[in-house]
Every structure is written in structure tokens, then in C-alpha cells.
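Novice: Got a structure here, written out as C-alpha cells. Questions coming.
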């Protein structure tokens, strides 16, 4: 039996996951404090509700042993990114990883990043 496909996060959920990957396990207050500068529209109550919904979807695990629950991503960042990229390749690029890379290189990579990618491909640098 194949393993179930992990849930796909919304844009707002990805923002909170990014914060949690940076912070490590954190309370809703800590997550709110970390995101408040870039998203002042998110109240503490909204962050808490999003975290609760994400826990319900299986995107987060929650430690309920303390009064303030501590949330952590259910998947490591690289695993989530791999799943999202795989889905994007399948849906938008007809399964072609090469087409995805070429599209990214055409408009979303700086000259410095291109040089770094070239060095990696040429074997000059470890990733």
C-alpha cells in the first residue's frame, strides 16, 4: 500500500512553515512574533487558528504537555519542497524536470546563482 500523499499547504501555511523551519518548535506567540514584521495583518489569534488548522491537516505536530502548545513541522523542509516541486513538475511541465529547470533559469535565477549552478554542474563545488 503506497504511503499517503502529504497535504499540500496554502500560501499562508507555507509562510508559517517557513517560520517554524527557521525557529524550530515554537508556540503560537513565538510564531506570531517572528512573522509580525512582514505580515502585520496577521493577528495572534489568526496565527493560532492557522496553526490549529495545519495541525488538523497533518502539516504540523503539536506538543500539548505544556500550557502553551508547541508546534513543529510534520515534515522536514527538504521533504516538503521535494513533494511540492514533484507536483509542479507533473502538473505544469508534463513530468519534465528539465523543462522546470530551463524555465527557472530563463527568468528566476540571478547571474551569481547561475555561476554557482554552473560550478556545481561542472563539479567544481559541492552542493
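Novice: I need the full set of residues from region 1-35 which are modelled with pLDDT of 95 or more, loosely packed, with under 15 Cβ neighbours inside 10 Å and more than 18 Å from the chain's Cα centre (by Cα), in order please.
Specialist: Passing the criteria: only 29.
Novice: Quick check on this structure: which one of 66, 100, 105 is modelled with pLDDT under 90 and assigned by TED's automatic domain parsing to the domain that holds residue 29? Can you show your working first?
Specialist: Details: 100 fails: assigned by TED's automatic domain parsing to the domain that holds residue 29; 105 fails: assigned by TED's automatic domain parsing to the domain that holds residue 29.
Just a single option satisfies the conditions, and that option is 66.
Novice: Give the residues of region 40-52 that are surrounded by fewer than 16 Cβ atoms within 10 Å (Cβ to Cβ) and in contact (Cβ under 8 Å) with a residue 12 or more places away in the chain, sorted by residue number. Can you show your working first?
Specialist: Filtering region 40-52 for residues surrounded by fewer than 16 Cβ atoms within 10 Å (Cβ to Cβ) gives 40-41, 43-46, 49, 52.
Passing the criteria: only 44.
Novice: Let me ask something else about it. Is it the case that region 77-94 has a residue that's assigned to a loop (DSSP other than H, G, I, E, B), under 23 Å from residue 8 (Cα atoms) and free of Cβ contacts under 8 Å to residues at least 24 places away in the same chain?
Specialist: Yes, region 77-94 has at least one match.
The values are calculated or read from the model by the stated rules, or taken from the named source; none is laboratory data. Note that this is a predicted model, so its numbers are computed, not measured. Don't worry about glycine lacking a Cβ; one is built from the backbone with ideal geometry, like all the others, and counts go over all protein chains shown.
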